[in-house]
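Q: Before I ask anything, let me first share the structure, which is written out below as C-alpha cells.
Just so you know, all these numbers are worked out from the coordinates, no wet-lab data involved. Computed from a predicted model, the values in this text were never measured in an experiment. Cβ placement follows ideal geometry from the backbone for every residue including glycine, while neighbour counts extend to all protein chains displayed.
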Amino acid sequence: MAMSAIELHSINRWETSFLREEVGGYFTHGVECTPGATVLDVGANIGVFSAAVYERLDGDVRIYAFEPVPPLHATLERNAREFFNGRLIALPYGLASRDDELDFSYVPAATIFSSSSRDQGNIEAERRRVTASIVEMIRRGGLGPALRRVPAPVLTLLVSRKLRVMRQLETHRVTVKPLSSVLDEQGIDHIDLLKVDVEGAELDVLRGIEERHWPLVRQTVVEVERWQQNRDAVRDLLLTRGFTVVTEQDPVQQAGDIGMVFAVRP
C-alpha cells in the first residue's frame with residue numbers, strides 16, 4: 001500500500017515517516033477494507049494509520065481514533081478537523097478492560113514510545129529493547145546502505161545515545177474505558193477493522209470487549225509487545241471468538257520482542 005500523502009500536523013516529523021513505513025504491514029494475511037467501512041484506530045497517535053485508511057478508501061470510511069495523551073490528542077483532533085472531512089472522530093481517552101484513570105508516561109521527543117506500561121522504573125530496559133530493534137533494522141538496510149556498513153557494536157552505541165530522549169518523561173493522568181461501553185455510547189453497530197497498537201496494553205484492550213460485541217468485529221490487527229509473553233494469550237483469545245488467526249514476527253520485530261497478530265472472520 002502506498003504511504004499516506006496527507007501532510008498531517010505532527011509533533012516530531014521523523015516519527016510520521018516511521019509510522020508511515022509501518023502502515024502497509026497491517027494489510028496482509030487477508031486483512032482488507034472496502035468503501036463504507038467502519039474502522040477503529042486504537043492507539044492513534046496523530047492519525048497516520050487513519051490517514052492511510054482514509055486515502056485507501058477515497059474518504060468513504062468512518063474512523064474512530066483513540067488517543068488519550070493530551071498533547072497527542074490535540075494534534076490528532078487538529079488533523080481530524082483539517083484533513084478528514086468529518087470522517088474521523090478523535091476520542092480523548094484510551095481503551096482498557098474497565099473504566100479507570102491511569103498514569104501515562106509521555107515522551108515528547110519520541111512520542112511513539114509513550115505508554116501506560118513505561119515509567120522511570122523500566123525505561124532503561126525499554127530503551128535497550130528498542131535499541132536492539134532499530135539496530136537490526138539498520139543492519140538489514142532499513143535506513144540506507146551507508147549505515148549498514150557500520151559495525152554492530154558501534155551502531156548499538158550510537159542508537160542507544162540517540163534514544164536517551166526516552167528518559168525525558170512527562171506523566172499524564174488519562175481516562176480509559178472498555179470498548180463495549182464506547183460501542184454503546186457511539187452507536188457503533190459493526191467494526192470492519194479493529195487496529196490495536198497500544199504499547200503493551202493489547203490484552204487489556206481486547207478484554208474490554210463483551211461477548212455480545214465480538215460478533216460485530218470482522219477483522220482485527222494487533223501489534224503485540226513482549227511477544228514471547230503475550231502472543232499466545234492474544235492469539236487464543238481471538239481464536240475462541242471465531243477468527244482465523246495468523247501470527248507474524250520478522251527479524252527486526254524479534255530483536256524488539258514485538259510481533260503482529262492478524263485475525264479475520266472466515
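Q: How much space per residue, in cubic angstrom, does the convex hull of the C-alpha atoms of region 120-167 take up? Mind dumping the intermediate values first?
A: Details: hull volume 2.8 nm³, N = 48.
That works out to 59 Å³ per residue.
Q: Follow-up question, since we're still on this one. Please give the net charge around Gln229, taking every other residue with its beta carbon less than 12 angstrom from that of Gln229, where Lys and Arg add +1 and Asp and Glu add -1.
A: -2
Q: Which angle from 0 to 90°, rounded to the nearest 10, does the C-alpha axis of helix 227-239 make with the longest principal axis of the chain?
A: Orientation of helix 227-239: about 20 degrees from the principal axis.
Q: In deg cm²/dmol, rounded to 500, what helix-only [θ] at 222 nm does the chain give when every DSSP H run of at least 4 residues adds -39500 (n - 2.57) and the total is split over its residues?
A: Values: 10 runs with 97 residues, N = 266.
Computed ellipticity for the chain at 222 nm equals -10500 deg cm²/dmol.
Q: What does the charge dipole of region 120-167 about its Cα centre add up to, to the nearest 20 debye, if the Cβ of each Lys and Arg holds +1 and the Cβ of each Asp and Glu holds -1?
A: Details: 11 positive and 3 negative charges, 26 e Å.
Dipole size: approximately 120 debye.
Q: Here is a further query. Note down the magnitude of the dipole of the chain about its Cα centre, charges +1 on Lys and Arg C-beta and -1 on Asp and Glu C-beta and zero elsewhere, to the nearest 20 debye. Walk me through the numbers on the way to the answer.
A: Numbers: 31 positive and 38 negative charges, 204 e Å.
Here the size comes out at about 980 debye.
Q: Considering the dipole of region 120-167 built from charges on the beta carbon (Lys and Arg +1, Asp and Glu -1) around the Cα centre, which of Leu147, Val135, Val159 is farthest to its positive end?
A: Leu147
Q: Also: What residue among Leu203, Val61, Ser97 has its Cα farthest toward the positive end of the dipole of the chain, where the charges are +1 on Lys, Arg and -1 on Asp, Glu, each on the Cβ?
A: Going by the charge dipole, the pick is Leu203.
Q: Starting from 0.36 nm per residue, how many nanometres of slack lie between Glu101 and Glu22 once their C-alpha separation is accounted for?
A: Details: separation 79, 0.36 × 79 = 28.44 nm, distance 2.94 nm.
Gain on stretching Glu101 to Glu22: 25.5 nm.
Q: By how many degrees, 0 to 90 and rounded to 10, does the Cα axis of helix 123-139 deviate from the longest principal axis of the chain?
A: The helix 123-139 is inclined about 80 degrees to the chain.
Q: What residue among Trp227, Gln186, Pro266 has its Cα farthest toward the positive end of the dipole of the chain, where the charges are +1 on Lys, Arg and -1 on Asp, Glu, each on the Cβ?
A: Selected residue: Trp227.
Q: What ranking do 167-177, 147-157 get when scored by the average of other Cβ atoms within 10 Å per residue, highest first?
A: Details: 167-177: 15.5, 147-157: 12.7.
Highest-to-lowest ranking by the protection proxy: 167-177, 147-157.
Q: Enter the angle in degrees (range 0 to 90, nearest 10) between the Cα long axis of helix 70-83 and the first principal axis of the Cα atoms of the chain, meaning the one along which they spread out most.
A: 60
Q: Kindly list the residues of region 34-61 that lie in the label zone of Arg265, defined by a backbone N under 15 Å from the point 7 Å along the Cα-to-C-beta vector.
A: The answer is 34, 37-40, whose backbone nitrogens lie closer than 15 Å to the label point.
Q: Can you work out the PRE-style zone for Gln229? Point 7 Å along Cα to Cβ, and I want the residues of region 94-127 with backbone N under 17 Å.
A: Backbone N within reach: 105, 114-127.
Q: Give, in nm to one decimal, the length gained when the segment between Thr171 and Arg148 is fully stretched (0.36 nm per residue of separation minus the Cα-Cα distance). Before the final figure, lay out each step's value.
A: Details: separation 23, 0.36 × 23 = 8.28 nm, distance 3.61 nm.
In short, 4.7 nm is gained.
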